[in-house]
Amino acid sequence: MDHRFMIEIAKDAILEEFLQRPLIDRMALLKQYPILGKKGATFVTLEKRKALRGCIGTLVSHRVLLDDLIANAKSAAFRDSRFRPLTQSEFEDKNFTIEVSILSEPKQLSYKDQADLKRKIKVGVDGVILKHGNYQATFLPQVWEQLPRFEAFFSHLCQKAGMRSNCLEAHPKIYLYRVQKIKV
């Protein structure tokens with residue numbers, strides 16, 4: 001099934017904030033696309049001229065896909081703490097893109113050591129959640145495009161979690177997930 005309609009929903013969710021009026025007809029969308037009524041987890045990634053401009057998502061499904069998509073689109077545009085809120089001129093720029101990722105349920109990966117983890121990870125395919133105590137971070141599978149080496153990927157993921165770059169030595173919990181990426 002072609003899921004490009006999700007990009008339009010994400011755009012409309014952001015546009016609702018600029019226009020300060022509802023644009024999304026929830027009932028019509030749920031009737032037309034029944035998948036939107038099922039529980040699901042999404043990430044919405046915004047880019048301007050191929051540079052990250054916002055990325056917010058949900059790792060574990062806890063609401064219907066439509067609500068998750070709308071909430072994450074608005075959060076990526078206006079509440080990603082790494083960026084100032086999106087402006088309407090940025091949104092209307094022809095070099096502005098939206099990508100939606102639908103996540104599978106994360107599964108914990110058992111591994112003995114770093115070498116074993118490296119053998120089990122599918123570079124370019126696996127999204128990774130790293131957890132250790134109160135620290136947690138994730139990278140979508142798309143991050144492998146910028147960090148294709150296992151060592152660099154995990155070093156940056158450790159740092160994103162607020163830990164030292166060699167945090168794999170502490171044997172954190174690792175969860176893997178896959179995504180269905182939608183980009184127009």
P(r) of the chain over all Cα-Cα pairs, 5 Å bins starting at 0, rounded to whole percent, reads 1, 8, 16, 19, 18, 14, 11, 7, 3, 1, 0
Using a cut-off of under 13 Å, list every residue of the range 1-17 whose amide N is near the label point 7 Å from the Cα of residue 30 along the Cα-to-beta-carbon line. none
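What is the extension gain from residue 118 to residue 97, computed as 0.36 nm multiplied by their sequence separation minus the C-alpha to C-alpha distance, in nm to one decimal?
Values: separation 21, 0.36 × 21 = 7.56 nm, distance 3.23 nm.
Roughly 4.3 nm would be gained on extension.
Normalised by the residues of the range 24-71, what does the relative contact order come to in percent, with Cα pairs under 8 Å and at least six apart?
On the way: 65 pairs, mean separation 19.1, N = 48.
That works out to 40 percent.
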Would you report the distance distribution of C-alpha pairs in the range 99-184 as whole percents per 10 angstrom bin, up to the bin with the largest distance? 18, 55, 24, 3, 0
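Taking a 27 Å limit on the Cα-Cα distance, which of the listed pairs 31/94; 11/107; 120/160; 107/183; 74/94; 39/112 fall beyond it? Could you put the intermediate results ahead of the total?
Values: 31/94 31 Å; 11/107 31 Å; 120/160 22 Å; 107/183 25 Å; 74/94 19 Å; 39/112 33 Å.
Violating the 27 Å limit, Cα to Cα: 31/94; 11/107; 39/112.
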Give, in nm to one decimal, the length gained when the segment between residue 90 and residue 18 is fully stretched (0.36 nm per residue of separation minus the Cα-Cα distance). 24.8 nm
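Taking a cut-off of 14 Å, what percent of all Cα-Cα pairs in the range 7-96 are separated by more than that? Each step should come with its number before you reach the end.
Details: 2551 of 4005 pairs.
Percentage above 14 Å: 64.
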Tell me which trypsin sites (Lys or Arg not before Pro) from the range 1-36 have a DSSP coil assignment and no more than 12 other beta carbons within 10 Å of their own. 4
Sum up the charges of everything whose Cβ sits under 10 Å from the Cβ of residue 137, counting Lys and Arg as +1 and Asp and Glu as -1, but leave residue 137 out. +2
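Work out how much length residue 81 to residue 151 would gain on full extension: take 0.36 nm times their residue separation and subtract the Cα-Cα distance, in nm to one decimal. Provide the component values of the computation, followed by the final result.
Values: separation 70, 0.36 × 70 = 25.20 nm, distance 2.65 nm.
Separation in residues times 0.36 nm, less the Cα-Cα distance, equals 22.5 nm.
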Under a 10 Å cutoff between Cα atoms, tell me which one of 75, 104, 165 has the largest fluctuation in the Gaussian network model of the chain. 165
Inter-part gap, Cα centre of the range 32-78 to Cα centre of the range 135-184, in whole angstrom, is 19
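Output the relative contact order of the range 76-184, whole-number percent, from Cα pairs under 8 angstrom with separation of 6+ residues. Each step should come with its number before you reach the end.
Working: 143 pairs, mean separation 39.1, N = 109.
After rounding, I find 36 percent.
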List the Cys residues of the chain that have no partner Cys with a C-beta closer than 4.7 Å. 55
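Values in this text are rule-based calculations from the coordinates and carry no lab data. Keep in mind it's a predicted model, so treat the numbers as computed, not measured. Note that each Cβ is placed from the backbone with ideal geometry, even for glycine, and that neighbours are counted across all protein chains shown.
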